[in-house]
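Read-outs: derived from the displayed coordinates by stated rules, not from any lab. These numbers were taken from a predicted model, which means no experiment stands behind them. Don't worry about glycine lacking a Cβ; one is built from the backbone with ideal geometry, like all the others, and counts go over all protein chains shown.
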Amino acid sequence: MMHLIKKIEGINNFELLLLFNNNETRKLNFETKLKEWANSPHSKFGQLLNPLYFKTVKLDPEMETLVWENGIDLCPNVLYEMSQPAMAV
């Protein structure tokens, strides 16, 4: 099953609450992964370590995944696997 993101339900620091197309709400903490991904000198992920920039995340309605203005978009299946089940707030 392809997991797609239907809604960003909450943003708190580097943690997102996401509603997926299977009606499951999942919590995703990005901080550790962002630090890992930003390790490369040419990586755009370093920009996401700025909490204010991180919060500019949007849901791309066509791709049904997370995107930022700097061109970063992430596979929704990967995001699903990285996340944990959570209760919606």
Nearest 20 debye, what's the magnitude of the dipole of the chain about its Cα centre given +1 on Lys and Arg Cβ and -1 on Asp and Glu Cβ? 180 debye
Quick check: residue separation of residue 84 and residue 9 times 0.36 nm, minus the Cα distance between them. What number comes out in nm? 25.6 nm
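According to the Cα gyration tensor, what semi-axes, each the square root of 5 times an eigenvalue, does the equivalent ellipsoid of region 5-85 have, listed from largest to smallest in whole Å?
Values: eigenvalues 82, 34, 27 Å².
Each semi-axis is the square root of five times an eigenvalue, giving 20, 13, 12 Å.
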Name the residues of region 1-44 whose amide N is less than 16 Å from a point 7 angstrom out from the Cα of residue 75 along the C-beta direction? 1-5
What's the lysine pair count for region 5-85 at a Cα cut-off below 22 Å, pairs eight or more apart or interchain? 18
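Using only DSSP helix segments of four residues or longer, with each worth -39500 (n - 2.57), what per-residue ellipticity at 222 nm results for the chain after dividing by its residue count and rounding to 500? Let's see the in-between values first.
Details: 3 runs with 18 residues, N = 89.
For the chain, the value works out to -4500 deg cm²/dmol.
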